[in-house]
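Here the structure is laid out as structure tokens; the discussion comes afterwards.
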Amino acid sequence: MSGVLDAVETNPVVIVCGAGGVGKTTVSAAIGIGLARRGANVCVLTVDPARRLAGALGIDSSNDVPVEVPGPWPGRVHAAQLHAATTFDALITRHATSDTQAAAIRRNPLYRSLASALGGTQEYMAMERLYELHHSGDFDVVVVDTPPTRSALELLDAPERLLRFLSHRAVRGLLAPTRLSLRAVSAATTALLRGVAAVVGGELVDDAVEFFRAFSGMQEGFAERAADVQDLLVAESTGFVLVTTPTTDAVEEAAWFTEHLSSRGVRPTAAVVNRCHPSFTNADIAAIPTVTRRASVLLEVLRTGEHAAREDARVVALIAERFGRSNVSAVPMSAAPARDVGGLGTIADALAR
């Protein structure tokens, strides 16, 4: 097997996926440091780093501006935390026909609800921020620590869902300038809005109509950008890395990930099996004689640890089969989580193997 760093070294975009709690953020940061050691200029975009990790990376949670992480490497590492609402605001500003239109949208009561609660918003904004950083020309590689989602594939589907939403007949009708006034809509639409108002309240319906009025004329720009983001995600140069742990479900998760990603025309690049038990010997522990009671206790501890390590190695080998027997790295379990650049460097060492 070759290491994950070898697999993604030439990818300008690396998307790190996996279930919640498997260490995606830590692995993403370690990939960034590992590539910087090889001379690359990297930006790691993370969703919600643990407090100590955010401190180690120097991330300022008040904005999404990349901050350089100092370290002994020939390349450079920058880190930024995703702010979906900030990215949404920037999209509105970019596609608005005027400052007046952008201001009207941002002050609409419905807008903030959409920005924070609309299904798929965080996933799409993560991909939008990735697109911005990739095309800024400031970085050789952008590593994305994906949001915790029901499915890693929601990231791939987010731009397409936005395109479907904007092309829906009802939405296109609401966005048509001649139909945006409640006094000017058709009798059928008026009846529909009255029915909705009876359930959710007239004020919310008024806010929705005002929002769509303010949004008028921007849908084409949003649709074009969503298509561009989709193209970037499915490009051959974009790498997808699965992070998992050596559990009983890990092999099934790897199989599911590779099959569903492949069904969308994307080849998974590599996998990281995190928190593997380390092995300390290749000897047959059962054949080692015990001299004292204390030695017997220590041998039993070693026997238990070696059994766990060999079981983890078996899982890693099965996952490697799903990835063509290559590009899989096993990261050993540590006594404490990575809290600084040194700890992340140790994980980067494992990703190079």
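The values are calculated or read from the model by the stated rules, or taken from the named source; none is laboratory data. On a predicted model such as this, the values are computed, not experimentally measured, just so you know. As a convention, Cβ positions derive from the backbone with ideal geometry for all residues, glycine included, and neighbour counts pool all protein chains shown.
Here are some residues: Val229, Val272. Which one is under 30 Å from Met333 (Cα atoms), of a type in the set (Val, Ile, Thr) and either out of contact with any Pro (no Cβ under 8 Å at 6 or more places or on another chain) or assigned to a helix (DSSP H, G or I) (or both)?
None of the others qualify; the one that does is Val272.
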When you look at Pro74, is it touching a Lys or Arg at 6+ places or on another chain (Cβ under 8 Å), over 14 Å from Ala348 (Cα atoms) and either touching a residue at least 40 places away in the same chain (Cβ under 8 Å) or not aliphatic (A, V, I, L, M) (or both), yes or no?
-> yes
Is at least one residue of segment 271-281 at pLDDT 85 or above and of a type in the set (D, E, K, R)?
-> yes
Matching residues, segment 308-351, being part of a loop (DSSP other than H, G, I, E, B), at negative phi and buried (at least 16 other Cβ atoms within 10 Å of the Cβ) | Phe323, Ala338
Selection status of Gly305, surrounded by 14 or more Cβ atoms within 10 Å (Cβ to Cβ) and over 23 Å from the mean Cα position of the chain (by Cα) | yes
